[in-house]
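Quick notes on the structure that follows.
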Amino acid sequence: MPDQQKKFYLTTPIYYVNARPHIGHAYTTIAADVLARRHRLLGEDVFFLTGTDEHGQKIERSAAAAGIPPQQFADEVAASFEALWKRMGITNDKFIRTTSAEHKRGVQKLFRKLKANGFIYPRPYTGQYCISDETFVDVPPGAPCPECGRPTETVTEENYYFRLSRFQRPLIELIESGELVIEPEARRSEVLSFLRGNVPAAQRKNDQLMGKRLSDEMQIAASRKAELNQEFLQAVHKVQTTSMAHSFGPMPPIERFFIHTLALTYADLCTRSDGKDTNRQVVLFKEDSSFVEGTPNGGPQVIKESSRGNPYVEWALNDLSISRSSFKWGVPVPDDPNHVIYVWLDALTNYMSAVGYGSDAPEDVASFEKYWPADLHLVGKEIIRFHCVYWPAFLLAAGLPLPKKIQAHGWLLFEESKMSKSRGNIVRTETILDAFGEHYRKELTRLGQPEPDKGDCDLFAADVLRYFLLREIPFGQDGSFSFDALIIRYNADLANGYGNLVSRTLKMVEQICLGGVPSHRDWGMTTIILSDQGAAGGVRAGLPDPNQFVKVPDADLAGHAAAALFFYEPAFRSLNFALPTNEGLRKSMKAGVLDSAEFLISEADGLLTRKAPWKLAKSEEPTDKEIVSNCLYEVAESIRIITAMLYPIMPHTTAKVWAQLGLGDIEQAACNGELKDLKWGGLKPGRKLGALAPIFPRAPKELAQVMADMEAQNNPATPKSGDSGASLQNDASTGGKLQTGGATQYGDSSATPQNDKGVRGDTAGTSTQGAAPATENSELRTENSPTISIDDFAKVDLRVARVLVAERIPKADKLLRLEVDLGYEKRQILAGIAQFYEPEKLVGRKVVIVANLAPRKMRGLESQGMVVAASVGPDGAPVLAGFLEDVEIGARLK
Ligand code: MSP
């Protein structure tokens, strides 16, 4: 390893262990793995970190609901993440867990450092806390969390506070100057406007206050002024010497206003005396009557300008509560074990503890020195504030270097909303691995190939998912996932596009050019212009430099290969994996990594079609023979380049193509630097091809339905104690709550609608062993149910229906197919109750159904509603709703 080897330290967020992994998590991990592979092949010393976030009230409660200790709960879910990454061939260098000793040590070290540097102080706090997001939110009691919509709880705690407010200006400066890079631009602006506060609103308020100030009512007797002045100065002194908040007690608004003016004057004097914003001892009066740094609610606000001339509202950034005493599951505050450290301070520290921070062992110290700061934190857009405000502020306060770049990506949406367990709309990665892996195994066997082993099938399927996610969703934006889209994209781009090009070309080389890779004519050199109209004409994009002249061999495809690579390299640097599919948007953007590869694939395909070497091969004319070997050489060489380009995205399948080209082991080639600085002509004539085999067998469109059914049949997110694999448990914490027992319900708790309850919705772990009693849980649930209006309820059309037909569905052991009569019409409903009800006994029975639910297809059958049932006992067994009185069918429940 050369001494000067560049390091690249890359991280994913650490995933909460309250839910098993789904493809949303896989999305970030895949993107990170692609980058890790790319930077490794560039010869960099890559450290790729991922892991799990295991502390906090959410996890504590999930474990309690599962009836197991939090550590055991965390162990099980963390193991499922680790196992999945392994199954997918993810090349993380380390998997950090926040419950590990090395991590806790790092967190405590950082806490101590922040305290020693004067950035931590104690203060009581009452506010609305969102357990799911593990954060206090600025909403009135009873209001839901503005981020996730779940109910909040009123929490009063004696907390340790971090002087986040001190970092408003430094953070604005760092971000505006580009020293702290945040991408994409939309997220950078979001962070900056959060830091700057609402300047127009502050301006308006100040103008109003100015008017008031001049009015007679604002006068205070001179003697009272003197008293207040005295009290203020004493308080300032106290705050400065003890770092404690100080209370003035109740005071009429006019007096508060006066104190505030004093404080502002004082702050100005302090700023002038030491000249440094971050070090000054500023004490201002707040509405809660305690002396803290900031601006009182209702008082005038100071509008300042950053050194780039952008206005911001001073003190718009509040100090941050960084400890909790209301629960225990966390890293204890050093020297105060009644408190645990705020989960985000705990979690963010993983990025340092994983590379040695907190340890005095020489190898850890050296590792930290080598890898810190991180080069790239890859995160979902919802956690940008934690990474771009809190994290850099903690680091600045500790005197540590900041990460170089924070890159946010968008969300995977399923049925229009963010895929998450709490919304009940997740797709498990395992479903795709199982279904595509099985498709691959079956097809290869059918085509007379040796049966691929399980690992091979998994990695094939992982490549399909990797390609799809990065190709389908422009990185940074939200994108929808659907099984149909996955199949369509796979067939179009991989089976028919890249795969077909590889198989027909290599088959021709094998059959026509018996000596292996054919020879080519002597190329001269030619100058091409890389521009929209030039060799890169097919790559839809604007260029940084519109007229780029380069010399390339005068082979037909060499210019196109140069153009593709010209776009590819910067696209990788800017994490532009693919352009949006929308034509209008594409026009103004530069080609992404996959667009560049796709461009060369289509040019190579075009050359084959134009020259038709399979026809010319029959001719005995020497010129025809030359055309054939030139053409096949060029296409094969293009495939080499395309394959090297695609390697970071699809490491497993490109390895197969590489071997078929006779180039050996692609991983070795990546290590040797053969996949970087790609130049035309690297494929040597005469090289023997490897054994040929299909790479991307075409997928039938029915595979989409198979996957949808697998999702419906599997309970994705309820780890059973002692079982880290996918489990089929129903959620045991449902405790007697009415549920809809339709197709998306029993047997598919990924789709449970009750997930809008902060506690229950995030409960990953349910166990048949020792689950909390039903009544206890139902209380929990009620307490956390968001209130809905009568209009909301009126939207649900609940009706009485009679079961006419009930039967099992072949190969679906949880589903029953019901035909029900509503009086005014008949419906087919699939209900996941087969394990609890004999179909014959249901015929003739009256049930309650949700009649206006959007129809959904399962196992090829349409379910036109849901059956309502109570979920009882630790197994969440369904008990169908019914009536003591005789109710006519079609009656509406109101
Ligand atoms: N534990 C915190 C992160 C702490 S990092 C110091 C957390 N965990 S999480 O499990 O809720 O989500 C972590 C990340 O998973 C998201 O930021 C995002 O990268 C990824 N995703 C989870 N669901 C996703 C989608 N539906 N779509 C895309 N990415 C998603 O937040």
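Structure data summary
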| item | result |
| --- | --- |
| Ranked order, Y312, Y160 - accessible area, probe 1.4 Å, largest first | Y160, Y312 |
| Heavy-atom accessible area ranking, 1.4 Å probe, most first, across F111, F475 | F475, F111 |
| Straight-distance crosslink candidates among lysines, where the alpha carbon sits under 18 Å from K857 and sequence neighbours closer than 8 are dropped | K701, K811, K814, K826 |
| Accessible area per residue, Å², the range 442-486 with all protein chains present, probe 1.4 Å | 39 |
| At 0.692 mPa s and 37 °C, Stokes diffusion of the range 436-520 via Kirkwood alpha-carbon radius, µm² per second | 219 |
| Sites E179 and Q203 - FRET efficiency at Förster radius 22 Å, r taken between beta-carbons, to 0.05 | 0.15 |
| Whether the range 355-460 is rounded, prolate or oblate, judged on the alpha carbon gyration tensor where a/c under 1.5 counts as rounded | oblate |
| Value of relative contact order over the range 798-894, rounded to a whole percent, pairs C-alpha under 8 Å and six or more apart | 32 |
| Sites matching GluC sites (Glu not before Pro) across the range 587-669 that sit in DSSP coil, with at most 11 neighbouring C-beta atoms within 10 Å | E620 |
| All Cα pairs of the range 1-136, percent lying beyond 22 Å | 52 |
| Formal net charge of residues neighbouring Y15 (Cβ-Cβ distance under 10 Å; K, R +1; D, E -1) | -1 |
| Relative contact order (%) - criterion: Cα under 8 Å, at least six apart; region: the range 323-430 | 17 |
| Those lysines that a straight Cα-Cα span of less than 18 Å connects to K328, excepting residues fewer than 8 apart in one chain | K58, K104 |
| Across K418/K795; K205/K381; K590/K611; K94/K115; K205/K304, pairs whose alpha-carbon gap is larger than 21 Å | K418/K795; K205/K381; K590/K611; K94/K115 |
| Separation of the A83 and N500 label points, Cα + 7 Å toward Cβ, nm | 3.9 |
| Cα gyration tensor, the range 333-410 - rounded (a/c under 1.5), prolate or oblate | oblate |
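The values are calculated or read from the model by the stated rules, or taken from the named source; none is laboratory data. Keep in mind that what you see is a predicted model, and the values were worked out from it rather than measured. Virtual Cβ from ideal backbone geometry, glycine too; neighbours counted across all protein chains shown. Note: areas computed on protein heavy atoms with side chains; ligands, DNA, RNA excluded. Shrake-Rupley method; radii C 1.70, N 1.55, O 1.52, S 1.80 Å.
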